[in-house]
Amino acid sequence: MIKFFRHIRKNLLMENKSGKYFKYAIGEIVLVVIGILIALQINNWNQNRISKELESQYCNRLLEDVREEKVILQGLLNYSTQVVSHAKNAISVYENSPDSNPNPVDNLIDMYQASQIMDPNSAESTYRELIASGQINLIQNDRLKTALIRYYEVDWTESILFKLTNSYRKNLRGKMPDPIQTEIRSKCGDIFIKYKKGYGFEVVLPKTCEVDIDATFAQSVVDVLSKDESLKKDLRYLIGNESSKLQSINAVIVQLEDLISQLETINID
């Protein structure tokens with residue numbers, strides 16, 4: 001009997017030790033799991049912090065790009081407005097309007113300046129970098145992301161209005177005497193004005209320019225050019241195209257201003 005009780009006592013002790021070992025093992029596992037969860041949480045927090053910093057950096061760069069883009073568009077708008085103004089003065093000469101400028105030298109300047117062009121360009125390097133690197137999803141604000149995609153994926157510089165052939169330019173410069181073109185080009189060429197905010201240069205045409213062209217010679221050239229029906233036709237086409245371009249640029253600027261406003265709000269937050 002005594003042996004029996006000793007046997008039972010021994011088994012109970014062994015079971016008690018096994019229970020303690022089991023509880024200890026469970027405790028160790030729990031500690032390991034907690035440690036892993038904490039490590040994952042720290043890693044996620046760190047990753048979120050890095051992503052947030054990258055998002056902020058990209059938003060700052062995007063804001064600089066769209067501000068530069070607005071400057072570019074405004075410069076193009078101003079340049080095209082000047083071209084249209086010269087073109088309207090020139091067409092009045094071609095159409096023998098009583099309101100046309102009687103000065104033949106000014107007529108030649110208007111005819112030539114109406115043929116000027118300015119190539120469009122877009123400040124899109126940051127957006128293209130986001131797309132190429134696959135990091136566009138760093139932008140957490142869905143409205144901003146959509147606005148960026150809508151603006152940059154419909155490239156205004158590729159609009160048909162900016163791709164139409166300027167037949168008047170080729171036609172006029174193939175017919176206007178070279179000495180006159182050289183004189184106007186040297187005295188009335190593009191002026192580059194540096195922007196105060198460091199966004200490059202604005203290109204403008206001079207409001208007035210003094211050229212050394214004999215008035216009698218100038219009149220004889222104006223008489224010949226103004227009778228050219230193909231030049232008159234091409235100039236009418238140019239005025240229509242440039243006027244439509246001005247409307248298009250204004251529409252793009254409105255869209256761009258909304259994008260600037262969103263980015264400024266994001267950067268303030």
Worksheet item: For GLN47, are the conditions met, namely being over 24 Å from the mean Cα position of the chain (by Cα), free of Cβ contacts under 8 Å to residues at least 24 places away in the same chain and either surrounded by 12 or more Cβ atoms within 10 Å (Cβ to Cβ) or more than 24 Å from SER220 (Cα to Cα) (or both)?
Response: yes
Item to complete: Could you list all residues from segment 206-243 that are free of Cβ contacts under 8 Å to residues at least 60 places away in the same chain and touching a helix residue (DSSP H, G or I) at 6+ places or on another chain (Cβ under 7 Å)?
Response: PRO206, GLU210, ASP212, SER230
Discussion item. So in segment 115-126, with the set limited to residues that are at pLDDT 90 or above and touching a Phe, Trp or Tyr at 6+ places or on another chain (Cβ under 7 Å), which one is nearest to LEU62 (Cα to Cα)?
Written reply: THR126
Response to the item:
Note on segment 122-139: residues within 30 Å of PHE201 (Cβ to Cβ), of a type in the set (A, V, I, L, M, F, W, C) and part of a helix (DSSP H, G or I) are LEU130, ILE131, ALA132
Practice prompt. Tell me, yes or no, whether segment 72-92 has at least one residue that is touching a Leu at 6+ places or on another chain (Cβ under 9 Å), modelled with pLDDT under 90 and not hydroxyl-bearing (Ser, Thr, Tyr).
Written response: no
Worksheet item: Pick from segment 174-188 the residues that are touching a helix residue (DSSP H, G or I) at 6+ places or on another chain (Cβ under 8 Å) and part of a loop (DSSP other than H, G, I, E, B): which of them is surrounded by the most Cβ atoms within 10 Å (Cβ to Cβ)?
Response: MET176
Worksheet item: Within segment 152-173, is there a residue that is surrounded by 17 or more Cβ atoms within 10 Å (Cβ to Cβ), free of Cβ contacts under 8 Å to residues at least 40 places away in the same chain and within 25 Å of GLU69 (Cα to Cα)?
Response: yes
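Yes/no per residue for (1) acidic (Asp, Glu); (2) under 30 Å from ALA218 (Cβ atoms):
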{"position": "ASP106", "(1), (2)": "yes, yes"}
{"position": "GLN113", "(1), (2)": "no, yes"}
{"position": "SER125", "(1), (2)": "no, no"}
{"position": "ILE136", "(1), (2)": "no, no"}
{"position": "ARG143", "(1), (2)": "no, no"}
{"position": "THR146", "(1), (2)": "no, no"}
{"position": "ILE149", "(1), (2)": "no, no"}
{"position": "MET176", "(1), (2)": "no, yes"}
Worksheet item: Within segment 68-95, can you find the residues that are open to solvent by 20 Å² or more (accessible area, probe 1.4 Å), of a type in the set (Asp, Glu) and part of a helix (DSSP H, G or I)?
Response: GLU68
Worksheet, complete the sentence: Reported set for segment 103-121 where residues are assigned to a loop (DSSP other than H, G, I, E, B) and among the charged types (D, E, K, R) is ASP119
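The values are calculated or read from the model by the stated rules, or taken from the named source; none is laboratory data. On a predicted model such as this, the values are computed, not experimentally measured, just so you know. Note that each Cβ is placed from the backbone with ideal geometry, even for glycine, and that neighbours are counted across all protein chains shown. Calculation scope for accessible area: heavy atoms of the full protein, side chains included, ligands and nucleic acids excluded. Shrake-Rupley method; radii C 1.70, N 1.55, O 1.52, S 1.80 Å.
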